[in-house]
Amino acid sequence: MSRREELAAGLAATRERIGVACAEAGRDPAEVTLVVVTKFFPATDVVHLLGLGVRDLAESRHQEAVEKTAEVRRLAPSHQGRWHFIGNLQSNKAAAVGGYADVVHSLDRLKLLAPLSRAALARGVMIDVLVQVDLDPEPITGRGGVRPEAADELARQVLSTTGLRLRGVMGVAPLGADAEAAFGRLAEVSARLRGLDRDAGWVSAGMSGDLEAAIKQGATHVRVGSAILGSRPYHR
Ligand SMILES: *Cc1c(COP(=O)(O)O)cnc(C)c1O
């Protein structure tokens, strides 16, 4: 099988899983956007994915993302993809991430707003922003995110920042936890943010291992890497 065929098979299997999960949840699959996570995989894979109709691509590490997005622009100058940044975001990198990201899923600090806003204004675009919520039942932050009760205040600050559009929430189920319960907590925060702004209805939740639980709990964006691209070549 060529690499393109491997990716096509991974995409088809993932779309099938999304379809089944939506049917079981009584939801329309058109409500769920598949965001393909390409971290650790080369720009040539991204070009195959674009050719296979993928429009939403995600990266989680700034240095890798800045190089890959530039290479994809070079290899496929007319591509119509959108880049999502889903990784831990440091304030000294936020302006640079805002230079190529169309959507930032990992907003978890006030300090990120000013540099992201400046980057959006410099590009003349609106950057879509999701508030990352820490879904650990114990208040120890392992994988980033604000505590659920602090999400509303951060969301209000996004609403009053030029260049940024509040789109909703993002969460990662804690390791070893009940994913469905975790995504249920995310759904509660989502309902409150939708009350602040009707554009804030996106729920980014679910990965290769738990996308069914996320869709059951209302995910509008699933972030899938290894189920499509294979196991990552190496971990850091
Ligand atoms: C890597 C990553 C994913 C994708 O994980 P898979 O298990 O490979 O699907 C999703 N979300 C975040 C935040 C990630 O870092």
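The values are calculated or read from the model by the stated rules, or taken from the named source; none is laboratory data. Note that this is a predicted model, so its numbers are computed, not measured. Heads up, the Cβs are rebuilt from the backbone with ideal geometry, glycines too, and the neighbour counts pull from every protein chain shown. Just so you know, the surface numbers come from the protein's heavy atoms only, side chains and all, with ligands and any DNA or RNA stripped out. Shrake-Rupley method; radii C 1.70, N 1.55, O 1.52, S 1.80 Å.
So the values come out like this:
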| item | result |
| --- | --- |
| Helices (runs of 4 or more DSSP H) contained in region 29-97 and holding at least 1 residues at pLDDT below 95 and surrounded by fewer than 22 Cβ atoms within 10 Å (Cβ to Cβ) | 91-97 |
| Test: residue 152 is more than 30 Å from residue 42 (Cβ to Cβ), open to solvent by less than 30 Å² (accessible area, probe 1.4 Å), in contact (Cβ under 8 Å) with a residue 40 or more places away in the chain and not polar (S, T, N, Q) | yes |
| Residue match in region 122-131 (condition: more than 13 Å from the ligand (Cβ to nearest atom), over 28 Å from residue 43 (Cα atoms) and out of contact with any helix residue (DSSP H, G or I) (no Cβ under 7 Å at 6 or more places or on another chain)) | no |
| From the options 26, 81, 10, residue that is out of contact with any strand residue (DSSP E or B) (no Cβ under 6 Å at 6 or more places or on another chain) and either without any contact (Cβ under 8 Å) to a residue 60 or more places away in the chain or hydrophobic (A, V, I, L, M, F, W, C) (or both) | 26 |
| Unique match (being over 23 Å from residue 99 (Cα atoms) and either away from the ligand (no atom under 16 Å from the Cβ) or surrounded by 24 or more Cβ atoms within 10 Å (Cβ to Cβ) (or both)) among 190, 160 | 190 |
| Of residues in region 14-28 being open to solvent by 30 Å² or more (accessible area, probe 1.4 Å) and either under 27 Å from residue 89 (Cβ atoms) or part of a helix (DSSP H, G or I) (or both), the one nearest to the ligand (Cβ to nearest atom) | 17 |
| Matching residues, region 154-169, being within 27 Å of residue 213 (Cα to Cα) and either of a type in the set (Phe, Trp, Tyr) or in a helix (DSSP H, G or I) (or both) | 154, 155 |
| Number of positions in region 98-144 that are assigned to a helix (DSSP H, G or I) and among the charged types (D, E, K, R) | 3 |
| Residue in region 133-141 that is surrounded by 15 or more Cβ atoms within 10 Å (Cβ to Cβ) and under 21 Å from residue 34 (Cα atoms) present | yes |
| Flag if residue 181 is under 17 Å from residue 214 (Cβ atoms), of a type outside the set (D, E, K, R) and more than 16 Å from the ligand (Cβ to nearest atom) | yes |
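Condition check ((1) of a type outside the set (D, E, K, R); (2) more than 14 Å from the ligand (Cβ to nearest atom); (3) open to solvent by 10 Å² or more (accessible area, probe 1.4 Å)) across all residues:
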| site | (1), (2), (3) |
| --- | --- |
| 176 | yes, yes, yes |
| 186 | yes, no, no |
| 199 | no, yes, yes |
| 202 | yes, yes, yes |
| 207 | yes, no, yes |
| 212 | no, no, yes |
| 217 | yes, yes, yes |
| 220 | yes, yes, yes |
| 231 | yes, no, yes |
